[in-house]
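Let me begin by presenting the structure, written as structure tokens, before commenting on it.
The values are calculated or read from the model by the stated rules, or taken from the named source; none is laboratory data. What you are looking at is a predicted structure, and each value in this text was computed from that prediction instead of being measured. Cβ coordinates were reconstructed from backbone atoms using ideal geometry, including for glycine residues, and neighbour counts include every protein chain displayed.
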Amino acid sequence: MSAPSKRSRRVTKILEAVRLFWRKHRTGGKVFASRAACWRRNNLIASKIFVTRRERFDGADICHVIYGTKGKFDWQRLMSLIGDHWEMLFWSLVLYHYVYPANSDYVPAEIWIELAQRFSIELAHPNKGADFRGSLIDDKMFAIDVAEWGKRNIWRNTGRKRIRSKGRKKRRPEPTETFPAFAQHFVKAHENCSYSRPTFHAAEL
């Protein structure tokens, strides 16, 4: 039997980290009248923030989680999970408001205010040295920026730093790492595998 390929070993490590994270942050619930372990609502949203590829976009799922739960979950926990990638959450919430304009109050007013204020500050004081981040959205759709326009591939550089530290052997990503960076590995692993998207059910809420 041939040894597992480099990619297979990497995917195995990533999926093991996903399982560890799942066990730590799961909660109980009922699915089709049966007790089951479920993602917490804020973790479910965080896990979908970076699923923004051409072939798969989970923005609708995020909208459905907010609408289906009437926004009744720990928003501060979600904000802490998203961390420096708060603009991705803001993008998802603007989409939610467009889809459900009559139910924008399902998102707490303080969340709207905080994110809008952060965005206003960013517009008023743009960081000219900030990295191009298109590859975090979709490294294929934004490939021209890297290949022809000289932009740095922050996704690839971030992935390499997470998988191996300088001068050391490869390590397994820790399940306690900031979730958005962790999600980048999760999305890429699934891009490289045969994957069929499951149907989203209200029972997941």
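Considering Ile62, Ile49, the condition of being in contact (Cβ under 8 Å) with a residue 24 or more places away in the chain, in contact with a Lys or Arg (Cβ under 8 Å, 6 or more places away or on another chain) and either surrounded by 16 or more Cβ atoms within 10 Å (Cβ to Cβ) or on the phi < 0 side of the Ramachandran plot (or both) is satisfied by Ile62 alone. Condition test on Phe57, is it under 20 Å from the mean Cα position of the chain (by Cα) and either within 19 Å of Trp155 (Cα to Cα) or exposed (fewer than 15 other Cβ atoms within 10 Å of the Cβ) (or both)? Yes; evaluated as a whole, the condition is true for this residue. Restricting attention to the stretch 6-61, the residues that are at pLDDT below 85, part of a helix (DSSP H, G or I) and of a type in the set (Val, Ile, Thr) add up to 4. Among residues of the stretch 117-136 being more than 19 Å from Gly59 (Cβ to Cβ) and among the hydrophobic types (A, V, I, L, M, F, W, C), the one that is nearest to the chain's Cα centre (by Cα) is Phe132. Taken together, the residues in the stretch 92-122 that are of a type in the set (Gly, Ala, Ser) and exposed (fewer than 14 other Cβ atoms within 10 Å of the Cβ) amount to 4. Among the conditions (1) part of a loop (DSSP other than H, G, I, E, B); (2) modelled with pLDDT of 95 or more, the only one that Lys128 does not satisfy is (2).
Check whether at least one residue in the stretch 132-139 is among the hydroxyl-bearing types (Ser, Thr, Tyr), surrounded by 14 or more Cβ atoms within 10 Å (Cβ to Cβ), modelled with pLDDT of 95 or more and in a helix (DSSP H, G or I), and report yes or no. No, the stretch 132-139 has no match at all.
Of the residues that sit in the stretch 69-91 and are surrounded by fewer than 17 Cβ atoms within 10 Å (Cβ to Cβ) and either in contact (Cβ under 8 Å) with a residue 40 or more places away in the chain or polar (S, T, N, Q) (or both), which one is nearest to Ala102 (Cα to Cα)? It comes out as Thr69.
When you scan the stretch 47-62, do you find a residue that is farther than 22 Å from Met141 by Cβ and among the β-branched types (Val, Ile, Thr), even just one? Looking for residues that are farther than 22 Å from Met141 by Cβ and among the β-branched types (Val, Ile, Thr), one finds none in the stretch 47-62, hence no.
Only residues that are at pLDDT 75 or above, assigned to a helix (DSSP H, G or I) and within 22 Å of Ser47 (Cβ to Cβ) were counted across the stretch 140-170, and they come to 3. Hey, does the stretch 85-98 have a residue that's out of contact with any Cys (no Cβ under 7 Å at 6 or more places or on another chain) and not in a helix (DSSP H, G or I)? No - not one qualifying residue is present in the stretch 85-98.
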